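Asks: Quick one: the structure is below, questions incoming.
All of the numbers you see were taken from the coordinates with simple rules; none came from a lab. Note that this is a predicted model, so its numbers are computed, not measured. Note that each Cβ is placed from the backbone with ideal geometry, even for glycine, and that neighbours are counted across all protein chains shown.
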Amino acid sequence: MKGHTHLLLAVLFGVLYFDYFIGGTTFWMKIGFAAMLIVGALLPDIDQEESSASHKSPWLSALVRSFSKHRGIMHSIWIPIIIFLIAKFLIVKYFHLPDLILMGFLIGYTSHLAGDAITKKGIVPLSPFSKFRIRGLMKTGGLAETIVGILIISFIIVH
Ligand SMILES: [Zn+2]
């Protein structure tokens, strides 16, 4: 799935999360949530040289690519779980970071994995411990992805 479709999917997940789980919140909390949503939505593709995340952080991309292939561990459930545990029990607790910021990151990351899971290449959610793969029918950058993007934009506009 392309970077811009990942962003649209992340916005969709974020909007639905706000609808069902969050009441009133401040403007700055929403900005923080949105910023972390974007970071979470783009970060998994740091394992691919030609991606928005890799262009922003080439040194981090080179480091990740030294031990992981594209859609390897960065596209598994382990990275969001590890980041969640570190953030929840260290950063949120000791630096008083609001939970909502952490949720923005996790929702963005989860939306990325969900988006790649419906492509033909799919993801290996338990990599490197299992080769079990979840895949769909969508070709990355193909017509179906464009249609998904248009549907998401339409939903957000009429929402
Ligand atoms: Zn990806």
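Asks: Find the helices (runs of 4 or more DSSP H) located wholly in the stretch 74-148 whose residues include 2 or more that are more than 13 Å from G40 (Cα to Cα) and within 12 Å of the ligand (Cβ to nearest atom), and list them.
Replies: 99-117
Asks: Does I152 qualify as being crowded, with 16+ Cβ neighbours inside 10 Å, touching a helix residue (DSSP H, G or I) at 6+ places or on another chain (Cβ under 8 Å) and assigned to a helix (DSSP H, G or I)?
Replies: In short, yes.
Asks: Might you let me know whether the stretch 118-131 holds any residue that is farther than 30 Å from T25 by Cα and of a type in the set (F, W, Y)?
Replies: yes
Asks: Taking the options L60, L8, name whichever one is under 30 Å from I147 (Cα atoms) and either crowded, with 21+ Cβ neighbours inside 10 Å or within 16 Å of the ligand (Cβ to nearest atom) (or both).
Replies: Testing whether each residue is under 30 Å from I147 (Cα atoms) and either crowded, with 21+ Cβ neighbours inside 10 Å or within 16 Å of the ligand (Cβ to nearest atom) (or both) leaves just L8.
Asks: Next question. How many residues are more than 16 Å from the ligand (Cβ to nearest atom) and closer than 23 Å to T140 by Cβ if we restrict to the stretch 11-23?
Replies: 3
Asks: Let me ask something additional. Determine which member of the set D116, D47 is buried (at least 19 other Cβ atoms within 10 Å of the Cβ), out of contact with any strand residue (DSSP E or B) (no Cβ under 6 Å at 6 or more places or on another chain) and of a type in the set (D, E, K, R).
Replies: It is D47.
Asks: Let me ask you something else. Is it true that some residue in the stretch 18-32 is within 23 Å of I118 (Cα to Cα) and not in a loop (DSSP other than H, G, I, E, B)?
Replies: No, the stretch 18-32 contains no residue that is within 23 Å of I118 (Cα to Cα) and not in a loop (DSSP other than H, G, I, E, B).
Asks: Quick one: A117 ticks every box in (1) touching a residue at least 60 places away in the same chain (Cβ under 8 Å); (2) under 18 Å from K2 (Cα atoms); (3) among the aliphatic types (A, V, I, L, M); (4) touching a Gly at 6+ places or on another chain (Cβ under 7 Å) except a single one, so which number is it?
Replies: Of everything listed in (1) touching a residue at least 60 places away in the same chain (Cβ under 8 Å); (2) under 18 Å from K2 (Cα atoms); (3) among the aliphatic types (A, V, I, L, M); (4) touching a Gly at 6+ places or on another chain (Cβ under 7 Å), A117 misses just condition (1).
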